1. Using a Förster radius of 41 Å, what is the FRET efficiency between Ala152 and Asp333 based on their Cβ-Cβ separation? Nearest 0.05, please.
2. What residues have an amide H closer than 5 Å to that of Tyr407, excluding those fewer than 5 places away on the same chain, when H is modeled at 1.01 Å from N in the peptide plane?
3. In what sequence, highest mean first, do 551-557, 30-36, 574-580 appear when ranked by Cβ atoms within 10 angstrom?
4. Would you mind computing, in nm to one decimal, how far apart the modelled labels at Asn292 and Glu434 are, each placed 7 Å from Cα along Cα→Cβ?
5. Quick one: Karplus J couplings for segment 401-414, per residue in order, coefficients 6.51, -1.76, 1.60, θ = phi - 60°, nearest Hz, x for Gly and Pro?
6. Between Ser159 and Ala600, what length in nm is gained on full extension when 0.36 nm per residue of separation is reduced by their alpha carbon distance?
7. With the cut-off at 13 Å, report for segment 11-67 the share of all Cα pairs above it, as a whole percent.
8. Starting from the Kirkwood Rh over alpha-carbon pairs, what translational D in µm² s⁻¹ does segment 284-371 have by Stokes-Einstein at 20 °C and 1.002 mPa s?
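The values are calculated or read from the model by the stated rules, or taken from the named source; none is laboratory data. Every value quoted in this text rests on a predicted model; they were computed, and no experiment measured them. Please note: Cβ atoms are built from the backbone with ideal geometry, for glycine as well, and neighbour counts cover all protein chains shown. The protein model used for the area step is the full one, side chains on, heavy atoms only, and it has no ligands, DNA or RNA in it. Shrake-Rupley method; radii C 1.70, N 1.55, O 1.52, S 1.80 Å.
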Amino acid sequence: MNSSLMNGQSDISLLQSYAQTRDAQSFAELVRRHAGLVFAVARRLTGNPQDAEDIAQTCFMEMARKASSITISPAGWLHRAATCRSRDAIRADIARRQREAQAAANARQFADPQWEELAAFVDELIDKLPEELRIPLVLHYLEGRTQSDVAAEIGVEQSTISRRLAQGVEQLRQNLAKAGIVASVGGLTALLLAHPAQAAPAALISATGKMAIAGIGGPGGASKFSAARLIFGSAAAVLLAAITSYLIYQLSTPSRKTGVDSVPLQPAPGTSSPLASAQSKTITGVRTLGWNQKKENTFAGSLEAALAATAHPADYPTIMGVSGLAFRVRWFDRPENGGWDGSAPVGTMPHPLEELRRGTGWTLRILWINPKNHPMPDEYMPQIIASLNENIPVVGYEPKMNSGVFYGYEDHGRTLLMNDYYVAAGGSRYRVEEVPVNFIIPVRWSQPQPPKDTALAAMQLAMRNWYRVHDMVGSNFRFWYGQTAYEKWMADVQGAAALPGKEYASLFFVHWWNFTSLVDARAAAGKYLRSQQVHFKAETSASMGRAAAYYEEIARTGAETIAAKTIFPGRWTGKSAGDWSENMRTQELALLRRLRDLDAAAISELDEALSQEGIITDTLKASDLEPPKPPNPHP
């Protein structure tokens, strides 16, 4: 493809070309166009040119890997990626916090601040703008493109772009004011126009553009490891090798020379997985699992049990709190003439795993295939065996699809030993072919972010999940969230009498399972918030304490209801769907409305706590924070 033709292509067409054909020149052109933007964002936020180069390479690596799933403007996607990666890099930097506080104090003295006083804030606040305002602002002000170019790129009229730019600058001005920086619309516009993306280092553009030649994001990525080492050096080569595994998040710390990260993804020639060199292996120190232990979120309970056997354990309230699961309520959107999925209360979706990495220090690797696609891929068992050999238990699923902990193996790995919720003393044994291919491996621990930062992130996530409407998982699964989840849940229960028998029984099961999980989660929420109050000033701590009290009231009321066995007739009552009467459902709906109101009151207190810490909460309340994701044929 010649450069003149390429220069006439839109960003999205170049990205699609790379995603479909792995055309290296298309990817290199995207790097040439946007490296300056990414480098400038990272340098503004980190204040360090070397960090900015590293972050820029990471962003383009991630874009290459996710090329087929990116449907928005590449510039907008890269700005968000650069902001997120930079925020991660500086989250624990106390000195930066002091600089920001001083900058905010200084900025209040000016009607229109200088660029130096905006630089620490502007990208993070731009990132929080709604998508339709954020992308035009990034393209026009930060990349210096004309309004007509932006309109052509997005596919709308120029007048629409002008309106969105004005709205974006005004909203940005309001958000800056809440952060303590007073700026006029005219002054802010002038500063943005005067500081477009600076030129990225030539070496960065050259090295990053060569990523496409190394095969990043393509099916042959792993085979290009040695080429990547020559281009990027050993640290990035380790990163490229790891990208070939499913859903590895934030690979910012070096992997070990031996252990889970370094296990080959394919078995040795002439062998077939699952063969281990040792006859058997057993890890001691794994906590016992079981129902009615106030750890009903089977994912969080299993992860606590697994990490208890490591040098870096995490207790149940901490896992529930830092992941946001303690504050979340979710309800499955069933397909027409179908049943309800029981996975709504649990947390093995990518977002909680990423929050867990930041809050506990553990990077968690997901190994998953559709249950219909047995047998297990050959590359999976070596990773599981390697983890067990390193004395790191693996979270997985038993045949009934509840989480448990694999703590060893027998017969050279042909039989896995499991501690699950159904066998209280542990000791379940499953042949490999019996086990669903759903595993979560704790592959690496690094120092987590400070507890205060983690608690602030958890409270923000609680607010996002309360106000967001829904989330898509693959092409078939949609979950309602927060206040919307309550409404959908209650509406389904109100219409239960009209359902055919099979769907009625499905709703009966998921209804009480969601209720008991909600009660359990709120108990963890109260404990987590109480444990974190010590990190905050008195006003913030008081708001957190009031939120904890609301969550504790939900837990207390729910526990009393479960003990009474008169409504929400779960398996502990000895009752079945045939006992689920209209009178029961009426009482249940009244209780759900009460719990919803208590949840709303708790969220209001978390809102106040975040405001006390100077965190802007308006964008957390937007109902369209996460629009539906494109269908994923291989979730």
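1. Details: r = 37 Å, r/R0 = 0.89.
The pair Ala152/Asp333 has a calculated efficiency of 0.65.
2. Answer set, sorted by chain and number: Leu417, Met418, Asn419.
3. Numbers: 551-557: 19.7, 30-36: 23.1, 574-580: 14.1.
Per-residue Cβ counts within 10 Å, averaged per peptide and sorted highest first, yield 30-36, 551-557, 574-580.
4. It is 2.5 nm.
5. Result, ordered by residue: 6, 10, 5, x, 10, 7, 10, x, 8, 9, 6, 6, x, 6 Hz.
6. Numbers: separation 441, 0.36 × 441 = 158.76 nm, distance 3.97 nm.
Result for the pair: 154.8 nm of gain on full extension.
7. Values: 920 of 1596 pairs.
More than 13 Å apart: 58 percent of the Cα pairs in segment 11-67.
8. Working: Rh = 14.2 Å.
D = 151 µm²/s.
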